[in-house]
Structures are given as structure tokens and as C-alpha cells.
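Inspection log for the structure reproduced underneath, given as C-alpha cells.
FYI, it's all coordinate maths here, none of it is from the lab. Small disclaimer: the values here were computed from a predicted structure and weren't measured. Here the Cβ positions follow ideal geometry from the backbone for every residue, glycine too, while neighbour counts run over all protein chains shown.
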């Protein structure tokens, strides 16, 4: 039963193969087994590849099964359409397009399994790429907020410098009127005279202005600091909201690109392995000698071809004979006087009926 299943997978004509030896049946059962296991490998590989896309087991298995059946049918068609000929060159020329198609299938099948085999290495490459993307994302977002924050910090510094300058002026006036009272500067007279009072009033006025300036600038600095906090919060939210996009950067294309970043030799040899598996039915069919099955199949095809040619030739002969008979019959009819007289009489009757009908029509219109 297993042998019959694999023979069915090979695409061979079972009715012809049953009349062949056990060795011939085993050969085609082996070819069918290769086709089956190639399709099974395609099912596993495509299911894993689709799982990285959909992240759902049932969806991946469903579409992977469809892909496996497609590869099975395609391989079965490729093997069954290669006919053994007496010339190896003709057989190779016939198989060349099918080998090219097998190479494409091998690439499609091997790539998902390569990603599974090198999954840890790919994850490491993806982690490095994600870290680079995170830093680049932060720097890019910072370009939107840093100039505004720097300008606001400069405004705060300017306001503080105003307070510092006013404080220095007030302190200088304080030192002036104290020195005047002590007699160490100004009029050099000890005591609180008119000059002292004048300088004291200037200091008190400057002190009042300083207090007012501190109050005003404190409010301005507080407002600016709130703006800076708002911008920093927006920057943090931007980084937080964009991080899930970076964390989700592990789809099929990302993994393929990460795989390409790894050394090429291991991946290449895995590809060669799958190429050998995919082309093995074709290579086996090419290398196998022409067996009884191929001879019987060629004989049956030749018989059908010959029978079709005979039928076409017979139909052509019947057509030629019928044309010749018709020409002879109608040529003899043309020479018959009775036929001429009969057709002339009928034409005269038809002409009279047409004249009468035209007359009645004209009479109705008058």
C-alpha cells in the first residue's frame, strides 16, 4: 500500500507500471517518495515562515499545507513530464526549464529553515539593530525638542542674570551708604547726614526694585520650567510610543535581512542541500536507464499518435471524395433542360406575384 502511494506520487501511469517488474515499480516508488518528502519539507518550512508573519499556529499550518500541496503537485508534474529518450542531450534539454524551476523552489523552501536553524544568531543581529534603531529614534526625536528646550533654558539664564545684576547694584548702593555713615567714603564725615539719607533712599528704592524683579522673574522662570517639563514629557511619550514599533521589528523580511548579515557559507551549504533534495527526482529520472515502463509508455503514446494520424487522414480522404462527388453531381444538374424549364416557370410566377402586390399597394395609397 505504501509502495502504491509513492508510485502515485511519482506521477507514473499505474496501469502500465503494473505490467512491469518489481524493480521498475520500486524505482518509481523511490522517485515518488522523494517528491512526497520534498513537499513535506516545504510544508514545514512554509509553516514556520508564515508563523513569523501571522504569529498564529492555525493560520500558519493552514497556508503551509496549501503551499506544501502546491509544491507536491508541481514536483509531481515536473517528474511525470520528463520522458526518457534515446539521447541524453535531448533529455537534459527537456529537463533544463524544470531544473531552473527546482532551483527557485529550493530557495523558497530553504530560506525559512535557515532562519529557524540560525534563530539565535538572527535574534542577536536583530537585538543589535533594535538598539541602534532605539538610539537613532531618540536622537531624531531629540532634534525636534532640544532647540526649544535650549532656548527656554537660555531665557531662564537671562532672567537669573538680570536678578544677579540688580542684586550687585543694590549691594553696591548698600556699601555706599554704609561707608558714608562710617565716614570711610563719600564726604568722609561720621554720622547719618543728608548725603547718607540720599544714598540710603537710593538703596531702598533699588532694593524694592530688586524684590519686584525677583518676584516677576520667579514667575517667568516657573512658567518656562513648566514649558520645559511639558516638552520633556512629550519627548518621553514620543520615545515610549515609538518603542513598540522598534520592538516589533522581527518580521519575515527583517529576519531575512538579518540572516544575510551572517556568514554566507553555512547558509549556502544548506541551500545546496535543499537544492539536491529538490532536484533529486529529476536527476534520478535523467540518470536512470530507459526501462520497460518507458518503452511501454512510448509504445502507447506512439500508438495513440499513429491512430490519431490515421483518423485525420481518413477524414481528409472522406472530405476530398465528398467534394469530388458534389462537383460531378452539380455539373450534371447544370446540363439538365428539365431543371432549367422548371426553375424558369417558378421565376415567372414569382415575378407576376411581385407585380400584383406592387399594384395593390399603389392602389391603396391613391
Exercise. How far apart, in nm, are two points set 7 Å out from the Cα along the Cα-to-Cβ line at residue 69 and at residue 330?
Worked result: 5.7 nm
Problem set entry | Per-bin percent of Cα-Cα distances, region 250-322 [5 Å] | 3, 12, 9, 10, 9, 8, 7, 7, 6, 8, 7, 5, 4, 3, 2, 0
Exercise. Does anyone have the angle between helix 292-334 and the longest principal axis of the chain? Alpha-carbon axes, 0 to 90°, nearest 10?
Worked result: 60 degrees
Exercise. How would you rank 115-128, 223-236, 31-44, highest first, on the average number of other Cβ atoms within 10 Å across their residues?
Worked result: 31-44, 115-128, 223-236
Problem set entry | Potential extension, residue 298-residue 204 segment - 0.36 nm per residue separation minus Cα distance | 21.6 nm
Exercise. Under the rule of -39500 (n - 2.57) per DSSP H run of 4 or more residues, summed and divided by the residues of the chain, what mean residue ellipticity at 222 nm is obtained, to the nearest 500 deg cm²/dmol?
Worked result: -32000 deg cm²/dmol
Problem set entry | Longest to shortest principal axis, alpha-carbon extents of region 308-365, angstrom | 68, 29, 8
Seminar exercise, completed: In degrees, nearest 10, the alpha-carbon axis of helix 22-54 is tilted away from the dominant principal axis of the alpha carbons of the chain by 30 degrees
For this session: Treating the angle as unsigned and between 0 and 90°, give the value, to the nearest 10°, between the Cα long axis of helix 252-261 and the longest Cα principal axis of the chain.
Result: 80 degrees
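Quick one: if the Förster radius is 22 Å, what FRET efficiency do residue 5 and residue 270 give, using the C-beta to C-beta distance and rounding to 0.05?
Details: r = 29 Å, r/R0 = 1.31.
After rounding, the FRET efficiency stands at 0.15.
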For this session: Using every Cα-Cα pair within region 31-166, state what percent have a distance larger than 18 Å.
Result: 72 percent
Exercise. At a Förster radius of 30 Å, what calculated FRET efficiency corresponds to the Cβ-Cβ distance of residue 131 and residue 154, to the nearest 0.05?
Worked result: 0.35
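Using the Kirkwood formula over every pair of different C-alpha atoms, what hydrodynamic radius in Å results for region 54-130?
In region 54-130 this quantity evaluates to 15.5 Å.
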Problem set entry | Translational D in µm²/s for the chain (Stokes-Einstein at 37 °C, 0.692 mPa s, Kirkwood Rh from C-alpha pairs) | 101 µm²/s
Seminar exercise, completed: Expressed in nanometres to one decimal, the distance between label points 7 Å along Cα→Cβ at residue 320 and residue 21 is 4.7 nm
Seminar exercise, completed: The simple spin-label model distance between residue 212 and residue 308, using points 7 Å out along Cα→Cβ, in nm, is 11.1 nm
Problem set entry | Theoretical gain in end-to-end length, residue 340 to residue 120 [0.36 nm per residue, Cα-Cα removed] | 69.2 nm
For this session: Please report, to two decimal places, log10 I(q)/I(0) for region 244-366 at q = 0.09, 0.12, 0.19, 0.22 Å⁻¹ as given by the Debye formula with identical point scatterers on the Cα atoms and no solvent.
Result: -0.72, -0.91, -1.16, -1.19
Problem set entry | Radius of gyration and Dmax over the Cα atoms of region 1-70, both given in Å | 15.8, 50
